[in-house]
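Working notes, beginning with the structure itself.
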Amino acid sequence: MSRFKTFMESALSEARIAALAGEVPVGAVLVSPSGEIVARAANQTRQLNDPTAHAEILVIREACRALKRERLNGFDLYVTLEPCPMCAAAISFARIERLYYGASDPKSGAIEQGARLFTHPQTHHKPEIYPGIAEAESACLLREFFQPKRA
């Protein structure tokens with residue numbers, strides 16, 4: 001169980017970086033089958049003026065570029081928030097083995113909420129899914145980020 005905490009802590013660190021930059025605090029890390037972090041990212045949609053620059057997309061891109069391959073079979077993705085439909089599709093296309101995420105996203109999530117992408121028969125690859133890893137910390141970061149904006 002300490003492995004989950006270790007990698008989710010790295011994702012939480014990325015989420016904190018996003019918050020400090022004025023981005024929605026979501027962070028992700030991609031872990032190789034040998035247990036090494038091969039890519040890490042924070043949301044950067046505002047910084048890059050790119051609506052696809054979600055943490056999940058950025059780590060998938062970075063890992064594929066560094067490893068010179070389009071598939072990430074056997075890799076684990078740790079992300080602080082339930083992935084949206086775009087990110088869930090990218091996770092499937094990349095053939096990521098396991099998805100660990102923190103907070104559920106009732107508004108934009110696509111795993112247990114909304115589209116539930118991995119339940120569709122058209123989805124070619126379905127990762128193992130482990131929700132609720134460091135859920136309280138992930139949710140707290142999001143609440144602290146959005147609270148002043150809603151006041």
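Calculated accessible area for segment 60-151 comes out at 54 Å² per residue, all protein chains present (probe 1.4 Å; ligands, DNA, RNA ignored).
Taking label positions 7 Å along the Cα-Cβ direction at both E62 and R150, the computed distance is 2.9 nm, reported to one decimal.
Structural descriptor for segment 18-103: relative contact order 28 percent, calculated from alpha carbon pairs under 8 angstrom and at least 6 residues apart. Here the gap between T123 and S34, fully extended at 0.36 nm per residue and compared with their Cα-Cα distance, gives a gain of 29.4 nm.
When the chain is fully extended, how far beyond the present Cα-Cα distance does A136 get from K107, taking 0.36 nm per residue of separation?
On the way: separation 29, 0.36 × 29 = 10.44 nm, distance 1.75 nm.
Working it through step by step, the gained length comes to 8.7 nm.
On full extension, the segment bounded by T52 and T6 gains 13.9 nm, given 0.36 nm per residue less the C-alpha separation. The long axis of helix 2-20 is offset from the longest Cα principal axis of the chain by roughly 50 degrees.
Can you give the local net charge around A90? Use residues other than it whose beta-carbon is closer than 13 angstrom to its beta-carbon, Lys and Arg +1, Asp and Glu -1. With Lys, Arg at +1 and Asp, Glu at -1, the neighbours total 0. The relative contact order of the chain comes to 20 percent, based on Cα pairs under 8 Å that sit 6 or more residues apart.
Rounded to the nearest percent, how much of the accessible area of segment 59-122 (1.4 Å probe, protein heavy atoms only) is carbon and sulfur? Walk me through the numbers on the way to the answer.
Values: 1530 of 2950 Å².
Result for segment 59-122: 52 percent of the exposed heavy-atom area is carbon or sulfur.
The values are calculated or read from the model by the stated rules, or taken from the named source; none is laboratory data. Here the structure is a predicted model, which is why all the values come from computation and not from measurement. Note that each Cβ is placed from the backbone with ideal geometry, even for glycine, and that neighbours are counted across all protein chains shown. Side chains are part of the model used for accessible areas, which takes the heavy atoms of the whole protein and leaves out ligands, DNA and RNA. Shrake-Rupley method; radii C 1.70, N 1.55, O 1.52, S 1.80 Å.
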